[in-house]
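First the structure, in the form of structure tokens, and then the observations on it.
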Amino acid sequence: TYLPELKKRDPNLEKVTIQHLLDMRSGIKSLETSNSPFSNVIKLGFGHNVTKLALKSKTEKKPGEKDYKNLNTQLLGLIVERASGQKLQDYLQAKIWTPLQMESNASWNTDARKTVRAFCCINATTRDFAKLGRLYLCQGQWDGQQIVSTDWVRACTDPALMEQYNGYKNHWWSRPSTRT
């Protein structure tokens, strides 16, 4: 729906859902090593056009198996932009940063085209990151306002559910990383 050009590259991508991307279970092909200049991690981190790289995605397996790939997050960022009609950093500002009354401006590393490197690189103060933790401790509420849905918070913090997903669900770790 949001990235129709991907279907032209690989018809299997039509089977990939937003939830697959959120859970790192998309089946997308991506070399995830930091010791090769040809890896997608290096290209995402230092490349000049992360959108172009993300839109070159293809699958290597069926969606559903856990397979941590940073490219999933970059695609999610692009989906948020297309669905909201806003730059990712502006959406974050409106939906999270302003309602939580963050104390400092954050920055997000970008590529040469000023596209956010969604897979990493939000730079904020410890206090502001602590407010994100408090938001989850308060079931997504802040000063009486529901910022993040209770169901979303529950899905990320329920021990039994997180165990079913090997400790990773909705882009949230519940235990030390066991990347595959």
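Structure values in brief
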quantity: Per-residue ³J(HN,Hα) for region 123-134, Karplus 6.51 cos²θ - 1.76 cosθ + 1.60, θ = phi - 60°, Hz, x for Gly and Pro; calculated: 10, 8, 7, 4, 4, 6, 5, 4, 4, 5, x, 5
quantity: Region 1-95: C-alpha gyration tensor shape, a/c 1.5 cut-off, then a/b vs b/c; calculated: oblate
quantity: Exposure of Thr1 as accessible area (Å², to 10), given a probe of 1.4 Å and all protein chains; calculated: 150 Å²
quantity: Calculated from backbone phi, Karplus (6.51, -1.76, 1.60) coupling profile of region 22-33 in Hz, x at Gly/Pro; calculated: 4, 9, 6, 9, 7, x, 5, 7, 6, 7, 10, 10
quantity: Cysteines not pairable in the chain (beta carbon separation under 4.7 Å absent); calculated: Cys138, Cys156
quantity: Measure of compaction for the chain (Cα Rg per 2.2 N^0.38 Å); calculated: 1.05
quantity: Net lengthening on full extension, Asn49/Ile18 (0.36 nm per residue, minus Cα-Cα); calculated: 8.9 nm
quantity: DSSP-loop trypsin sites (Lys or Arg not before Pro) across region 103-135, with at most 14 other Cβ within 10 angstrom; calculated: Arg113, Lys114
quantity: Calculated from backbone phi, Karplus (6.51, -1.76, 1.60) coupling profile of region 144-159 in Hz, x at Gly/Pro; calculated: x, 10, 7, 8, 10, 4, 4, 4, 4, 4, 4, 4, 8, 10, 6, x
quantity: Amide H contacts under 5 Å for Trp142, placed H, 5+ residues apart; calculated: Ile147
quantity: Within the accessible area of the chain (1.4 Å probe), percent carbon and sulfur; calculated: 52 percent
quantity: Other-chain or far-sequence residues with amide H under 5 Å of Leu31's (modelled H); calculated: Asn40
quantity: Interchain or long-range residues, amide H under 5 Å from Thr110's placed H; calculated: Arg117
quantity: Cross-link reach list, aspartates and glutamates versus Lys169, counting only Cα pairs under 14 Å and skipping chain neighbours closer than eight places; calculated: Asp23, Glu65, Asp67, Asp151, Asp158
quantity: Accessible area per residue, Å², region 12-169 with all protein chains present, probe 1.4 Å; calculated: 54 Å²
quantity: Cα-based helix-to-principal-axis angle, 70-84 vs the chain, degrees rounded to 10; calculated: 70 degrees
quantity: Mean separation of Cα contacts under 8 Å, 6 or more apart, over the residue count of the chain: relative contact order %; calculated: 20 percent
quantity: Overall form of region 99-180 per C-alpha gyration tensor (a/c, 1.5; a/b vs b/c); calculated: oblate
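The values are calculated or read from the model by the stated rules, or taken from the named source; none is laboratory data. None of these values were measured; they are calculated from a predicted model. Reconstructed Cβ throughout: ideal geometry from the backbone, glycine too, with neighbour counts over all protein chains shown. Side chains included, ligands, DNA and RNA excluded: accessible areas come from the protein's heavy atoms. Shrake-Rupley method; radii C 1.70, N 1.55, O 1.52, S 1.80 Å.
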